[in-house]
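Reading through the structure tokens given below for one structure.
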Amino acid sequence: MRFLESPVGRKLVMTVSGLSMIGFVIIHLLGNTSLYYGADSINAYAKALHGLPPLLWGFRLVMLIMVSLHVFYGISLTLENRGAKTGKYAVRENVRSTFAGRSMIWTGLFIGAFIIYHLLHFTFQVIDPGTAASGHADALGRPDVFMMVVLNFRRLAVSSLYVCAMAALGLHLLHSLQSAFQTMGLSSDRTLPVIVRAGALAALLISLGYAAFPLSVLAGIIR
Amino acid sequence: MNLTLYVWRQSGPDEPGRLEQYEAWEITPDMSFLEMLDVVNEGLIKSGKEPIAFDHDCREGICGMCSQVINGVPHGPQKKTTVCQLHMRHFKDGDTLYIEPWRSRAFPVIKDLIVDRSALDRIIQAGGYISVHTGGVPDADAVLIPKADADTAMDAAECIGCGACVAACPNGSAMLFTAAKVAHLATLPQGRVEAARRVCVMTEAMLKEGFGSCSNHYECQAVCPKGISVQFIAKLNREFIKASFKKAGSY
Ligand code: FES
């Protein structure tokens with residue numbers, strides 16, 4: 001049987017694509033912390049990234065492939081798994097599975113929709129052209145990313161949406177990190193409890209780290 | 001003690017099923033769960049009704065025939081215990097119990113609480129064996145096996161093939177069952193020879209039989225009457241990765 005037809009093979013694709021997205025999420029989070037150092041810092045960071053178009057677009061292409069694989073196999077495996085059950089139990093008790101684990105498809109779809117919104121919002125800047133960084137240069141003539149982020153996050157509706165999306169990301173990661181280790185065969189009776197806890201901690205740190213940006217703007221820490 | 005039961009009744013594979021209410025009277029705490037059902041069935045037979053059909057054989061927790069979901073948990077509330085070894089002392093007078101069959105597309109209901117689990121046999125037929133020469137019996141210590149490996153293989157071999165892992169899995173996956181067999185044989189030198197082929201054909205057979213795939217909820221280990229560990233699923237995954245790096249078509 002070919003690799004991509006096997007149930008294990010497809011899950012390995014989910015794992016590798018998922019881990020590369022986690023890698024991106026961590027780099028993105030670290031890059032964003034330049035917001036705390038003020039306008040000059042993040043505008044310079046954004047300008048530097050855009051100064052290397054082949055690298056930037058190469059990176060974007062890889063991420064697009066990873067996201068597409070993850071979404072495609074995520075949805076098809078979920079549908080296949082649903083099809084493997086006939087009828088529901090009248091009474092059902094979950095002994096060990098978690099809410100985070102059982103809602104992977106829903107948090108996943110929500111994060112997917114959020115990524116599209118976020119790209120249109122801050123990357124392609126078409127949702128609210130009035131605040132677009134591309135239309136406003138800072139004192140040094142660079143696109144004013146700082147202003148765009150701050151103006152948008154000052155709106156409660158926008159900030160709430162970002163915080164909700166990060167809660168969904170946290171839930172998704174809560175299950176995925178331990179799941180990735182198990183699928184790659186890197187866990188055992190001894191290590192699994194440690195991996196589950198370390199994964200939960202990482203999920204918490206990542207989602208809180210991101211949620212801190214809109215919250216800091218609302219609280220006036222970033223302005 | 002007296003109990004109220006809601007039992008899944010279904011007269012045949014293609015008939016619609018439903019939960020029906022029964023009273024179980026004068027049950028003693030020393031009875032096993034199946035003996036309690038025997039009492040109910042005697043009452044049903046006496047009043048000219050169809051008794052509840054359920055699977056059982058050894059009634060000592062080793063054959064894996066008994067298969068009932070009790071209040072939403074396969075094999076009921078007692079950890080590492082088959083239905084036949086579950087005793088009524090774990091319930092209280094006046095309890096209400098919901099008793100349902102394993103639910104999975106690969107396990108069609110034959111009647112009431114009895115499901116057809118031959119899909120698991122077909123997974124074994126695909127590769128859950130080792131090929132050996134027949135003839136003279138080899139010396140017992142001809143092949144040396146480290147104690148730790150023998151223990152691991154025995155832990156995996158404890159699986160009695162009851163299918164509770166499938167019944168509990170939100171994805172209807174038979175991964176714990178398949179992994180127990182793969183890990184059991186791959187841990188021993190006699191099983192190593194065919195290990196790469198085995199993991200491929202057994203997971204393929206699992207898919208063909210209509211089981212879902214594992215998404216690491218570990219509900220299976222929690223309900224397994226033998227406490228088979230999900231670390232064997234990790235082992236299966238390792239074996240699969242190793243097999244994938246072998247030359248294509250090597251099996
Ligand atoms: S009847 Fe044999 S294990 Fe329960």
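The values are calculated or read from the model by the stated rules, or taken from the named source; none is laboratory data. All figures in this text were calculated on a predicted structure; none of them were measured in a lab. Using ideal geometry, Cβ is built from the backbone for each residue, glycine included, and neighbour counts are taken over all protein chains shown. We work out accessible area using only protein heavy atoms, side chains counted, and drop any ligands, DNA or RNA first. Shrake-Rupley method; radii C 1.70, N 1.55, O 1.52, S 1.80 Å.
Remarks
- Among the residues making up the stretch B:176-188, a single one is away from chain A (no Cβ under 13 Å) and of a type in the set (Gly, Ala, Ser): B:Ala180.
- Scan of the stretch B:37-85 for residues that are more than 15 Å from B:Tyr22 (Cβ to Cβ), open to solvent by less than 20 Å² (accessible area, probe 1.4 Å) and away from chain A (no Cβ under 14 Å), ordered by number: B:Gly61, B:Gly64, B:Cys66, B:Thr82, B:Val83, B:Cys84
- Here B:Tyr98 meets the list (1) aromatic (Phe, Trp, Tyr); (2) open to solvent by 20 Å² or more (accessible area, probe 1.4 Å); (3) within 16 Å of the ligand (Cβ to nearest atom) almost entirely, failing just condition (3).
Results for (1) assigned by TED's automatic domain parsing to the domain that holds B:Gly172; (2) hydrophobic (A, V, I, L, M, F, W, C), shown as yes or no for each residue.
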site	(1), (2)
B:Cys66	no, yes
B:Gly76	no, no
B:Gly135	yes, no
B:Asp151	yes, no
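- Of the numbered criteria (1) free of Cβ contacts under 8 Å to residues at least 40 places away in the same chain; (2) open to solvent by 10 Å² or more (accessible area, probe 1.4 Å); (3) over 18 Å from the mean Cα position of the chain (by Cα), the one B:Asp93 fails is (1).
- Here is the figure for the stretch B:189-223: residues that are facing another protein chain (nearest Cβ under 9 Å) and assigned to a loop (DSSP other than H, G, I, E, B) total 8.
- Criterion (touching a Gly at 6+ places or on another chain (Cβ under 7 Å) and among the hydroxyl-bearing types (Ser, Thr, Tyr)) met by exactly one of B:Ser11, B:Ser47, B:Ser104: B:Ser104
- Flag for B:Pro29 being away from the ligand (no atom under 16 Å from the Cβ) and touching a His at 6+ places or on another chain (Cβ under 9 Å): yes
- Selection from the stretch B:139-152 of residues that are open to solvent by less than 100 Å² (accessible area, probe 1.4 Å) and over 23 Å from B:Leu236 (Cα atoms): B:Ala142, B:Val143
- Residues in the stretch B:50-82 that are of a type in the set (Val, Ile, Thr) and more than 6 Å from the ligand (Cβ to nearest atom) were compared, and the one that is farthest from B:Val115 (Cα to Cα) is B:Thr81.
- B:Asp93 away from the ligand (no atom under 16 Å from the Cβ) and in a loop (DSSP other than H, G, I, E, B): yes
- Helices (runs of 4 or more DSSP H) fully within the stretch A:122-223 that include at least 3 residues being without any contact (Cβ under 8 Å) to a residue 24 or more places away in the chain, within 14 Å of chain B (Cβ to nearest Cβ) and within 30 Å of B:Ala243 (Cα to Cα): A:156-183, A:192-218.
- Residues of the stretch B:10-36 that are within 14 Å of chain A (Cβ to nearest Cβ), in contact with a strand residue (DSSP E or B) (Cβ under 8 Å, 6 or more places away or on another chain) and without any contact (Cβ under 8 Å) to a residue 24 or more places away in the chain: B:Arg18, B:Glu20, B:Gln21.
- Filtering the stretch B:109-120 for residues that are modelled with pLDDT of 95 or more, part of a helix (DSSP H, G or I), away from the ligand (no atom under 16 Å from the Cβ) and open to solvent by 20 Å² or more (accessible area, probe 1.4 Å) leaves a non-empty set.
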